[in-house]
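This report refers to the structure that appears directly beneath it.
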Amino acid sequence: MMGKLLMRGLIVGLLAGILAFPIARIFGGPPVESAIAIEEQARTAAGEAGEEPMVSRDVQRTVGLGAGLLAYGAAIGGILTLVTAFAVGRVGSISPRATAATVAGLGFISVVLVPGLIYPANPPAVGNPETIGYRTQMFGLTLLFSLAAMVLAVAAARRLSASFGSWNAAVAAAIGYLAVVAVIRLVMPYVNEVPDVFPAIVLWQFRVASLLIQAALWSVIAVGIGVLAEREFSLRGFGASRVKLAHR
Amino acid sequence: MSDATFSPGFAPTSIPVKEILPWALFGGLVLLIILYFVTAGQSLPGQDMIVHEFFHDGRHLLGFPCH
């Protein structure tokens with residue numbers, strides 16, 4: 001049954017990727033094109049020849065973007081399904097649906113939001129190609145620290161809830177997580193490679209689009225896995241205790 | 001026992017770890033490799049920067065460092 005559940009989780013992720021595509025085109029397309037136009041202008045002004053891309057812009061903005069969103073959606077869908085399958089019944093007495101939403105919500109905060117606030121999304125024309133390795137490492141480290149802190153916070157909340165109640169435990173864990181985020185912000189180096197002449201509005205539009213795409217993708221996955229989890233756990237008869245209690 | 005109907009708790013039993021673990025290990029590994037290619041991989045043998053170029057727009061818009 002676990003294999004079937006994972007397969008369905010992957011399909012939910014693919015659906016989320018399909019839904020994210022028009023959002024990416026509508027909100028993300030214009031700032032990406034503006035940024036590329038700015039890049040070209042700067043290159044022409046500097047007297048450099050325009051480079052012929054290996055993959056044409058037409059492919060990048062259609063097939064490339066679609067494939068990226070589908071693969072990313074499927075991967076996140078699969079991973080969140082596995083985590084939710086583990087979490088149901090192990091994070092206090094909440095329903096499978098609520099567990100799926102909690103897993104996706106905390107995952108979004110620790111994997112997308114916090115790393116994205118510390119190293120925000122950048123459009124083309126922003127970023128020095130020579131520092132890509134360094135920036136990828138810093139982003140990856142931030143993501144790992146943030147995710148590890150979230151896992152520890154949830155584990156701590158579980159332990160504390162026995163003595164202090166689940167609400168107090170959750171508040172304490174949240175404060176702990178935010179304290180770690182503050183330390184990450186202080187420790188990780190700032191990176192600013194936005195050219196002085198780059199329009200602020202294009203940067204803002206791009207970053208909002210990026211957040212919108214991620215939020216849409218993760219929300220669809222959260223709701224979809226919630227449906228799968230409810231089904232799975234009622235098929236296993238795990239919800240039977242509630243029904244029995246209610247009719248006793 | 002009418003008070004039992006007040007029980008708001010939903011206490012499902014959980015899926016045993018040994019049932020999840022093999023799927024988590026192999027599935028998780030494959031999914032992480034896919035994530036790596038979409039978000040950070042740059043080249044394929046013989047084709048420098050082709051992965052980067054193909055996933056260019058998605059990588060930027062999903063907020064991963066691109067170039």
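Label points 7 Å out from Cα along the Cβ direction at A:L144 and A:V171: separation in nm?
If labels sit at A:L144 and A:V171, their model points lie 3.5 nm apart.
Please state the charge dipole magnitude for chain A, taken about the Cα centre, from unit charges on C-beta atoms (+1 on K and R, -1 on D and E), reported in debye and rounded to the nearest 20.
1820 debye
Report ³J(HN,Hα) in whole Hz for each residue of the stretch A:4-15, in order, from the Karplus equation J = 6.51 cos²θ - 1.76 cosθ + 1.60 where θ = phi - 60°; Gly and Pro get x.
Per residue, the Karplus-derived 3J(HN,Hα) values read 5, 4, 4, 4, 5, x, 5, 5, 4, x, 5, 4 Hz.
Counting pairs of alpha carbon atoms under 8 Å apart in space and at least six apart in sequence, what relative contact order in percent does the stretch A:127-193 give?
36 percent
So if R0 is 51 Å, what FRET efficiency would A:S56 and A:R158 give, r being the distance between their Cβ atoms, rounded to the nearest 0.05?
That gives a FRET efficiency of 0.50.
Which residues does the label zone of A:V187 cover in the stretch A:109-146, counting backbone N under 19 Å from a point 7 Å along Cα→Cβ?
Answer for the stretch A:109-146: A:110-120, A:134-146.
Could you work out the mean count of beta carbons from other protein chains within 10 Å of each residue's beta carbon in A:137-143?
Details: counts 2, 1, 5, 4, 0, 0, 2.
Per-residue shielding by partner chains comes out at 2.
For a protection proxy built on the mean count of beta-carbon atoms within 10 angstrom, sort B:28-41, A:2-15, A:63-76 highest first, please.
Working: B:28-41: 16.7, A:2-15: 19.4, A:63-76: 22.8.
So the order, starting with the most tightly packed, is A:63-76, A:2-15, B:28-41.
Any idea how far apart B:L44 and A:I132 come out in nm if each label point goes 7 Å out from Cα toward Cβ?
Using points 7 Å along Cα→Cβ, the separation is 1.7 nm.
Picking from A:G29, A:V55, A:V112, whose Cα lies most toward the positive end of the charge dipole for the protein assembly as shown (charges on Cβ: Lys, Arg +1; Asp, Glu -1)?
A:V112
Using unit Cβ charges (K, R positive; D, E negative) and no other charged atoms, how large, in debye to the nearest 20, is the dipole of the stretch A:1-123 about its Cα centre?
Details: 8 positive and 7 negative charges, 184 e Å.
Using Cβ point charges on Lys, Arg, Asp and Glu, the stretch A:1-123 gives about 880 debye.
Residue-wise, which Karplus ³J(HN,Hα) couplings in Hz belong to the stretch A:177-194, taking 6.51 cos²θ - 1.76 cosθ + 1.60, θ = phi - 60°, and x for glycine or proline?
Values per residue, Gly and Pro as x: 4, 5, 5, 5, 4, 4, 5, 4, 4, 6, 7, 6, x, 6, 10, 9, 10, 6 Hz.
Considering Cα pairs under 8 angstrom that are at least six residues apart, work out the relative contact order of chain A and quote it in whole percent.
It rounds to 35 percent for chain A.
Where a number appears in this text, it was derived from the coordinates with a stated rule and is not lab data. Fair warning: this is a prediction, and the values are worked out from it, not measured in the lab. Don't worry about glycine lacking a Cβ; one is built from the backbone with ideal geometry, like all the others, and counts go over all protein chains shown.
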